[in-house]
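**Student:** I am attaching a structure below and will ask some questions about it afterwards.
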Amino acid sequence: MSRLRYNRKQAIDTLKSSCPHMAALIQDKGPFSLQVKREHDLFTSLASAITYQQLSGKAAATIYGRFEALFENNKPVATEAVNLSMQTLRSVGLSNNKSLAIIDLAEHTCSGSLPDARKMSSLDDEAIIKNLCRVRGIGPWTVQMHLIFSLGRPDVMPATDLGIQKGVQLTYDLPALPKPDKVLNVTEHLAPYRSVASWYFWRVVDD
């Protein structure tokens, strides 16, 4: 659960050989340095992803830092989060919907209704998305972030992500911002390492 589920060099070599646009992007942005969030359990991973929904990285990091400060040793745990009030969550900058989502996530986690680490490792990506989307406020994008950054899955393409769409547009010189279906079509040939490609598409926008 704490390591990439693929070989970095093999992924990069495959992407470079399968796509000249990706080869140029990799050359421009340098080494692939995605780090799996080893310290994160399911609750903290998804709470972080919920916080980051529809916000810039800097703004979300500030809010999540305040959220962490609500817990002992700055380590969010579901058993404590389930007792936090809406007022407390709103006070750190979380929206009403995100506060409700984090409370629901904590309740699901404490009840044991979500897959544990062993069960999660045996599920494919789509099954994980189906399981976790039962939680209020968690949709496919949120689970895709968990798949890439916490589970280290190799072939995830978050096609609804605005940063991914912009990265694909710039990388492939598209005349307009691609819709999710177009993103999936344009990047289909990057399988089975679309998580790595996604990381580079984000670099186009963020760097």
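Taken together, the values in this text are just the output of simple stated rules run on the coordinates, not laboratory data. All figures in this text were calculated on a predicted structure; none of them were measured in a lab. Counting neighbours? That spans all protein chains shown, and the Cβs are built from the backbone with ideal geometry, glycine included.
**Student:** With everything on Cα atoms, drop me the angle between helix 162-171 and the longest principal axis of the chain, reported from 0 to 90° to the nearest 10.
**Tutor:** Taking Cα atoms only, the helix is inclined about 10 degrees.
**Student:** Using only Cα atoms, find the angle between the long axis of helix 8-18 and the longest principal axis of the chain, and express it within 0 to 90 degrees, rounded to the nearest 10.
**Tutor:** Here the helix axis deviates by roughly 40 degrees.
**Student:** Something else now. Kindly express, to the nearest 10 degrees and within the range 0 to 90, the angle between helix 57-68's C-alpha long axis and the longest C-alpha principal axis of the chain.
**Tutor:** Helix 57-68 and the main axis of the chain meet at about 30 degrees.
**Student:** Moving on to the next point. Which whole-angstrom value gives the distance between the alpha carbon centres of the range 184-207 and the range 104-127?
**Tutor:** 27 Å
**Student:** Looking at ALA78, TYR64, ILE138, which one has the Cα that reaches farthest to the positive end of the dipole of the range 42-149 (charges on Cβ: Lys, Arg +1; Asp, Glu -1)?
**Tutor:** The Cα lying farthest towards the positive end belongs to TYR64.
**Student:** Additional query: Output the pairs from LYS75/LYS166; LYS9/LYS166; LYS29/LYS58; LYS98/LYS166 with a Cα-Cα distance over 32 Å in this structure; if there are none, say none.
**Tutor:** Over 32 Å Cα-Cα: LYS75/LYS166.
**Student:** OK, next. Within the set of other residues whose C-beta is less than 12 Å from the C-beta of THR79, count the net charge using Lys and Arg as +1 and Asp and Glu as -1.
**Tutor:** Result for the local shell: -3.
**Student:** Can you tell which of ALA49, PRO192, LEU123 lies farthest toward the positive end of the dipole of the chain, using +1 and -1 charges on the Cβ of basic and acidic side chains (Lys, Arg; Asp, Glu)?
**Tutor:** The residue sitting most towards the positive pole is PRO192.
**Student:** Kindly provide the helix-only [θ] at 222 nm of the chain, computed as the sum of -39,500 (n - 2.57) over DSSP H runs of four or more divided by all residues, to the nearest 500 deg cm²/dmol?
**Tutor:** One gets -17500 deg cm²/dmol as the mean residue ellipticity at 222 nm.
**Student:** Pairwise over distinct Cα atoms, reciprocal of the mean inverse distance: report the Kirkwood radius of the range 1-156 in Å, one decimal place.
**Tutor:** 16.8 Å
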